[in-house]
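Trainee: Quick one: the structure is below, questions incoming.
The values are calculated or read from the model by the stated rules, or taken from the named source; none is laboratory data. Nothing here was measured: the structure is a model prediction, and the numbers come from that model. With ideal geometry, Cβ positions are generated from the backbone for all residues, glycine too; neighbour counts draw on all protein chains shown. What goes into the accessible areas is simple: the full protein's heavy atoms, side chains included, and nothing from ligands, DNA or RNA. Shrake-Rupley method; radii C 1.70, N 1.55, O 1.52, S 1.80 Å.
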2 protein chains.
Amino acid sequence: MKLDLLHGRVEMAHGSGGRAMANLIEGLFAKALGNAYLAQGDDGAVLPPPSGRLVMSTDSHVVSPLFFPGGDIGSLAVHGTVNDVAVMGAKPLYLSAAFILEEGLPLADLLRIVESMARAAADAGVLIVTGDTKVVEKGKGDGVFITTTGVGVLREGLELSGNRAGPGDVVLLSGSIGEHGMAILSRREGLNFDSPIVSDSAPLNGLVEAMLDTGAELRALRDPTRGGLATTLNELAKQSGVGMRIEEAAVPVEPVVVAACEFLGLDPFYIANEGKLVALCAPQDADRLLAAMRAQPLGKKAAIIGEVVEDRHGFVQMTTRLGGRRILDWLSGEPLPRIC
Amino acid sequence: MKLDLLHGRVEMAHGSGGRAMANLIEGLFAKALGNAYLAQGDDGAVLPPPSGRLVMSTDSHVVSPLFFPGGDIGSLAVHGTVNDVAVMGAKPLYLSAAFILEEGLPLADLLRIVESMARAAADAGVLIVTGDTKVVEKGKGDGVFITTTGVGVLREGLELSGNRAGPGDVVLLSGSIGEHGMAILSRREGLNFDSPIVSDSAPLNGLVEAMLDTGAELRALRDPTRGGLATTLNELAKQSGVGMRIEEAAVPVEPVVVAACEFLGLDPFYIANEGKLVALCAPQDADRLLAAMRAQPLGKKAAIIGEVVEDRHGFVQMTTRLGGRRILDWLSGEPLPRIC
């Protein structure tokens, strides 16, 4: 029953709780992810007392294909949850990782994914402290699904929430939109552009920390993933009971993303991002915050893209490049399934 | 786009991040699970500073069928993680719940499952504070998979781990074995017995608390789920580098489970439990601990089933009812896939 990491495949026995599963955990997961917490080998991890309020966030990842330009389901599963914890204003510390494997998945693919998770976690400065493995029959899953849950500690005194925005607040965006979704879609549809579109998947906790260090009066941070920037702005507007005015020309979009979106009849405002954030900030601190964002590798193209206005209907309006005005509505329907 | 909870089904759009997903979250998840943390509506939950060391544990649940005598995937997903946190010696406080839904799942089934989770969580005294929903295409999942992650707080000074057992320690079991696995298998195979086998799925945190309150010198607790009692004993023996001697006659098994196992050629020692625990305890405290367990509803049939012995090979030996001796090995192969 030795694990053949080169040619072996996931078998039902790998989820049985018996010796085969123990072999998989020791020979693959522990080897790639190993740290003192995982090595405890108990049903969970014992972690030191945290120093403040906790933030907890979870995400299942079902992205298809499993590997794409700029990442894979493993790095995405780390970034997705690190970012959700970070945009709550917390320092992400620990992740759990639960795997649902489809019978027949090549172990070499699984190893590649888990090694990618390990790199992403090290990069983001978080530890994967506990995990789980289940196996489902061929045709009852799709390769691998990964659910990560993150725990972090919130800065003392910090209060960020989507419901804290008020008229006059400034809307900032950390960089260009649409890369993650268009990278997945291009790979899935076999589209080739002159320069390939690379996912922006990245851990935002460093950027967030730099932003918090400015002491700027932040209301909320949010990462515009599924549903894209348009949906995230609508969520924030709804939570706070305000409207927004956005300048289309101020929102950075890479030319290759513009081209791909035009070709496919998609709007980059509705395409998922995995390494960007939206910030709502008091007007007097916006320039200072923007400068701090631009000083970070993941915030180089940060921009002020609009402002919060009074509007009990919660409409997000956009001034277009041509000077017209349109409502930027929630995403409806399903342009891009299984993007994360 | 109103949610039809009676006749509606899960559609790809419910995972899109847009309006349909917001409707599903508001109209189903928030309604069934609602609490102040979920109502924050942000990417995660902000939780009060915990008062000690944290315990974190995660489990994906892929049980098939989704509904079975004694529970469903929803209650199981709560009990599974509550128990993993509890057997670490911690008081479970918060759960996250991440759903991977298969396109076409009846919303009425989903509602039933989520309501069952809500009841199980209330019962166990834990809060479901944050969640996630993804949707995969028909044929790429199997109804619903639920990953729960639990966070709890460990008692001050308590040190439990599978690696702390030593020769002379007493092995206790909280009740009869094999009910969960045989309930699932009977339902799956359409077997009918005179009295149906009902899963033992239950939250163990109350029992654990009562056990800790005795002050007995506990080494480790573990819930014998996948792989059954035999595999759990082997895991503990291996972690501590010791052997065990178990008395078969001391291990409670319900007659209907014995009958079903005989009929199917299965051994109850390898069948999953979801409401039982194994305790390793210093010999001088075993009787006191046993009495405390028996005073609890989930420990009425608790028993001393054996002892820890010196054995650097980590063998678990069992004295059979007939007085013979056999090695109780790890589960190998796959008698019962997707049991939890």
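Trainee: I want to verify the translational diffusion coefficient of the range A:297-340 in µm²/s; compute it with Stokes-Einstein, Rh as the Kirkwood radius over Cα pairs, at 4 °C and 1.567 mPa s.
Mentor: Working: Rh = 13.8 Å.
Rounded to a whole number, D works out at 94 µm²/s.
Trainee: Now, a different point. Using alpha carbon centroids, what distance separates the range B:256-319 and the range A:57-98, in Å?
Mentor: 39
Trainee: So for the protein assembly as shown, taking the charge dipole from beta-carbon charges (+1 Lys/Arg, -1 Asp/Glu), which of A:MET21, B:GLY52, B:VAL136 sits furthest toward the positive end?
Mentor: B:GLY52
Trainee: Follow-up. Counting only DSSP beta bridges with both residues in the protein assembly as shown, what percent are antiparallel, rounded to the nearest 5? If you can, show how the numbers build up before the last one.
Mentor: Values: 88 of 114 bridges.
Approximately 75 percent, going by the DSSP bridge assignments.
Trainee: Return the sequence-ordered ³J(HN,Hα) values of the range B:164-175 in whole Hz as given by the Karplus equation 6.51 cos²θ - 1.76 cosθ + 1.60 applied to θ = phi - 60°, using x for Gly and Pro.
Mentor: Coupling constants for the range B:164-175: 9, 6, x, x, x, 4, 9, 9, 10, 10, 7, x Hz.
Trainee: Would you work out which of A:GLY265, A:ALA282, A:GLY323 lies farthest towards the positive end of the dipole of the range A:220-340? Charges go on Cβ: Lys and Arg +1, Asp and Glu -1.
Mentor: A:ALA282
Trainee: Using the Cα centre of the range B:12-154 as origin and beta-carbon charges of +1 (Lys, Arg) and -1 (Asp, Glu), tell me which of B:GLY89, B:GLY71, B:MET12 is placed farthest towards the positive end of the dipole.
Mentor: My answer, from the dipole projection, is B:GLY89.
Trainee: Additional query: Any idea what angle helix B:73-86 forms with the longest principal axis of chain B, computed on alpha-carbon atoms, 0 to 90 degrees, nearest 10?
Mentor: 50
Trainee: When Cβ neighbours within 10 Å are restricted to other protein chains, what is their mean count per residue of peptide A:234-244?
Mentor: Numbers: counts 3, 5, 1, 0, 2, 3, 0, 0, 0, 0, 0.
Mean inter-chain Cβ contacts per residue within 10 Å come to 1.
Trainee: Placing one identical point scatterer on every Cα of chain A and ignoring solvent, what is log10 I(q)/I(0) from the Debye formula at q = 0.12, 0.14 Å⁻¹?
Mentor: So the normalised log intensities work out to -0.86, -1.11.
Trainee: Using a Debye calculation, one point per C-alpha and no hydration shell, please list log10 I(q)/I(0) for the range B:90-208 at q = 0.11, 0.15, 0.23 Å⁻¹ in order.
Mentor: Here the Debye-derived log intensity ratios amount to -0.59, -0.99, -1.33.
Trainee: Oh, and also: Per the helix-only calculation at 222 nm, which mean residue ellipticity applies to the protein assembly as shown, given -39500 (n - 2.57) for every DSSP H run of n ≥ 4 and division by its residues, nearest 500 deg cm²/dmol?
Mentor: Values: 20 runs with 196 residues, N = 680.
After summing the helix terms and dividing by the residues of the protein assembly as shown, the value is -8500 deg cm²/dmol.
Trainee: Within 10 Å of each Cβ in A:102-115, how many Cβ atoms from other chains are there, averaged over the peptide? All intermediate terms of the calculation are to be shown ahead of the outcome.
Mentor: Working: counts 2, 1, 0, 0, 0, 0, 0, 0, 0, 0, 0, 0, 0, 0.
The mean count of partner-chain Cβ atoms within 10 Å per residue comes to 0.
Trainee: Please get the size of the charge dipole for the range A:170-327, origin at its Cα centre, with Cβ charges of +1 on Lys and Arg and -1 on Asp and Glu, quoted in debye to the nearest 20.
Mentor: 200
Trainee: Moving on to the next point. Tell me, Kirkwood radius of the protein assembly as shown from alpha-carbon pair distances, in Å? Don't skip to the answer; put the middle values down first.
Mentor: Working: mean 1/r = 0.0389 Å⁻¹.
Result for the protein assembly as shown, one decimal place: 25.7 Å.
Trainee: Rounded to a whole number, what % of the accessible area of the range B:170-327 do carbon and sulfur atoms account for, probe 1.4 Å? Before the final figure, lay out each step's value.
Mentor: Details: 3100 of 6280 Å².
Here carbon and sulfur together make up 49 percent of the probe-accessible area.
Trainee: Starting from the Cα of A:LYS276, draw a straight line to each of the lysines and keep only those under 27 Å, dropping any in the same chain fewer than 8 residues away.
Mentor: A:LYS91, A:LYS238, A:LYS300, A:LYS301, B:LYS134
Trainee: I'd like the Karplus ³J(HN,Hα) series for the range B:181-198: coefficients 6.51, -1.76, 1.60, θ = phi - 60°, whole numbers in Hz, and an x wherever there's a Gly or Pro.
Mentor: Karplus values, whole Hz, x for Gly and Pro: x, 6, 5, 5, 5, 4, 5, 5, 8, x, 7, 10, 10, 3, 10, x, 7, 10.
Trainee: Whole-Hz Karplus ³J(HN,Hα) for the range A:95-111, in order, using 6.51 cos²θ - 1.76 cosθ + 1.60 and θ = phi - 60°, x for Gly and Pro?
Mentor: With coefficients 6.51, -1.76 and 1.60, one gets 10, 9, 9, 10, 10, 10, 9, 8, 3, x, 4, x, 4, 5, 5, 4, 4 Hz.
Trainee: Total accessible area buried between chains A and B, 1.4 Å probe, in Å² to the nearest 100?
Mentor: Summed over both sides, the interface buries about 6100 Å².
Trainee: Taking the Cα centre of chain A as origin and charging only Cβ (+1 Lys, Arg; -1 Asp, Glu), how large is the dipole, in debye to the nearest 20?
Mentor: Numbers: 30 positive and 41 negative charges, 15 e Å.
Around 80 debye, computed over chain A.
Trainee: Per the Kirkwood formula on distinct C-alpha pairs, the Rh of the range A:118-271 is how many angstrom? List each step's numbers first, then the result.
Mentor: On the way: mean 1/r = 0.0541 Å⁻¹.
One over the average 1/r among Cα pairs gives 18.5 Å for the range A:118-271.
Trainee: To continue, here is another question. Per residue, how much accessible area does the range B:170-327 have with a 1.4 Å probe, in Å²?
Mentor: Details: 6280 Å² over 158 residues.
Using a 1.4 Å probe on heavy atoms only, each residue of the range B:170-327 averages 40 Å².
Trainee: What dipole magnitude, in Debye to the nearest 20, does the protein assembly as shown give about its Cα centre under +1 on Lys/Arg Cβ and -1 on Asp/Glu Cβ?
Mentor: Details: 60 positive and 82 negative charges, 29 e Å.
Magnitude of the dipole: close to 140 debye.
Trainee: For chain A, set up a Gaussian network in which alpha carbons nearer than 10 Å are linked by springs, and say which option among A:GLY306, A:GLY41, A:GLY178 fluctuates the most.
Mentor: With Cα springs under 10 Å in chain A, the top fluctuation among A:GLY306, A:GLY41, A:GLY178 is at A:GLY41.
Trainee: Averaged over A:91-101, how many beta carbons belonging to a partner chain fall within 10 Å of each residue's beta carbon?
Mentor: 4
Trainee: Something else: On C-alpha positions alone, give me the angle between the axis of helix B:228-240 and the longest principal axis of chain B, in degrees, nearest 10.
Mentor: Rounded to the nearest ten degrees, it is 70.
Trainee: With a 10 Å cut-off between alpha carbons and a GNM built on chain B, which of B:ALA22, B:ALA237, B:ALA183 moves the most?
Mentor: Most flexible of the set in this elastic network: B:ALA22.
Trainee: While we're on this one: Pull up all non-local amide H partners of A:LEU127: gap of 5 or more, or a different chain, and H-to-H distance under 5 Å with H placed in the peptide plane.
Mentor: Amide H to amide H, under 5 Å and 5 or more residues apart or across chains, A:LEU127 pairs with A:TYR94, A:LEU95.
Trainee: For A:LEU280, A:LEU158, give the ranking by accessible area with the largest first, probe 1.4 Å.
Mentor: A:LEU158, A:LEU280
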